[in-house]
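Worksheet for the structure shown next.
The values are calculated or read from the model by the stated rules, or taken from the named source; none is laboratory data. What you see is a predicted model; the values in this text were computed from it and never measured. A quick note on method: Cβ atoms are made from the backbone with ideal geometry, for glycine too, and the neighbour counts reach across all protein chains shown.
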Amino acid sequence: MPRKSRIDAAGALHHIMVRGIEKTKIFRNNSDMQHFLERLEDILQGTKTVCYAWALIPNHFHLLLRTGEVPISTVMRRLLTGYAVWYNLRYHRRGHLFQNRFKSILCQEDVYLLELVRYIHLNPIRARLVEDLNELSIYDYCGHSAVLGKVERPWQDTQWVLGLFAKKVGAARRAYQVFVEKGIEQGSRQDLTGGGLLRSAGGWKGVKALREARVYQRNDERILGDGDFVNRVLKSAEEAMERRYVLRSQGMDLDSIASRVSEVLDLNVQDVWAEGKFKRVVEARSLLCYWAVKELGVSMSVLARRLRLSVPSVSESVTRGKGIAEAKGYQLTET
């Protein structure tokens, strides 16, 4: 069975899980972890991706991210590819470092955000890297210490998390600590990491209760949330896919988008594909990238090859193009 495509949108909340291939270590020591965090910080800040929680374990890691101006798949590709290349060079190894592609679960925020923050931040205790909450509060490779104010990490949004507990920081941190402590006895939470309906129903007990009550929820392994949330997410994704299908069936391709860009910006089509940093050329290329990625679903790697740019440069162009389109009211199609 072919794997399902990822579901993503600006502002979407994702629980990311990545494991080493064949359960191998992806962090051999603190130096590896520190390098990974520096790379993570650069990418998150560069893409305006928000991080609420994270934890590094020798053979895997967790991130709780909110999609910013760049798709989560692009963010993760840059993070994993860059780290894997660095790791292989450092340890004179070859081949894949990570198990398959990363696992990403789109989450229903109001129900699961705090549960996921707690679950992720308790990982070092479950993995026996630290003994208790006291050690966890000063552990350098988990986001818990930043929420408590023990260390400052500009790329981790602790204010949003604390704001969900209380208005004053001191009271919020105390409430957060109590909340996290209550989660220790829960152990591993399959309802937060298992299959679609299993997660959405709150574990096997929830599934059994739903079946006994003859209540049926739509579920999807890519989504953590109740049936209504799953329906809304899938409907939005289906509408985007339908629009892309319609555009492609009408003959829309990269050359068609380039023609539309030249029309709205009053340029020659050749200028849209031109290289250089002239303002008009950059605007045209940015609008082309934005419409190609958002409206037609063209991959950034394809655009990078066509435009002779790096994937990060295309990503920046997409963000810039979005701003241009929204500011000027430009539309790919007139209808």
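Of the listed requirements (1) in contact with a His (Cβ under 9 Å, 6 or more places away or on another chain); (2) modelled with pLDDT of 90 or more, ALA284 misses just one: (1).
Counting residues in the stretch 131-146 that are part of a helix (DSSP H, G or I), over 15 Å from ILE184 (Cβ atoms) and at pLDDT 95 or above gives one or more. When ILE26 is tested against (1) touching an Asp or Glu at 6+ places or on another chain (Cβ under 8 Å); (2) over 23 Å from MET300 (Cβ atoms); (3) surrounded by fewer than 22 Cβ atoms within 10 Å (Cβ to Cβ), only condition (3) is not met. Looking at this structure, is ARG66 modelled with pLDDT under 95, surrounded by 17 or more Cβ atoms within 10 Å (Cβ to Cβ), in contact with a strand residue (DSSP E or B) (Cβ under 7 Å, 6 or more places away or on another chain) and more than 30 Å from TRP291 (Cβ to Cβ)? In short, no. Every condition in (1) of a type in the set (S, T, N, Q); (2) in a helix (DSSP H, G or I); (3) surrounded by fewer than 18 Cβ atoms within 10 Å (Cβ to Cβ); (4) at pLDDT below 90 holds for GLN331 except the one numbered (2).
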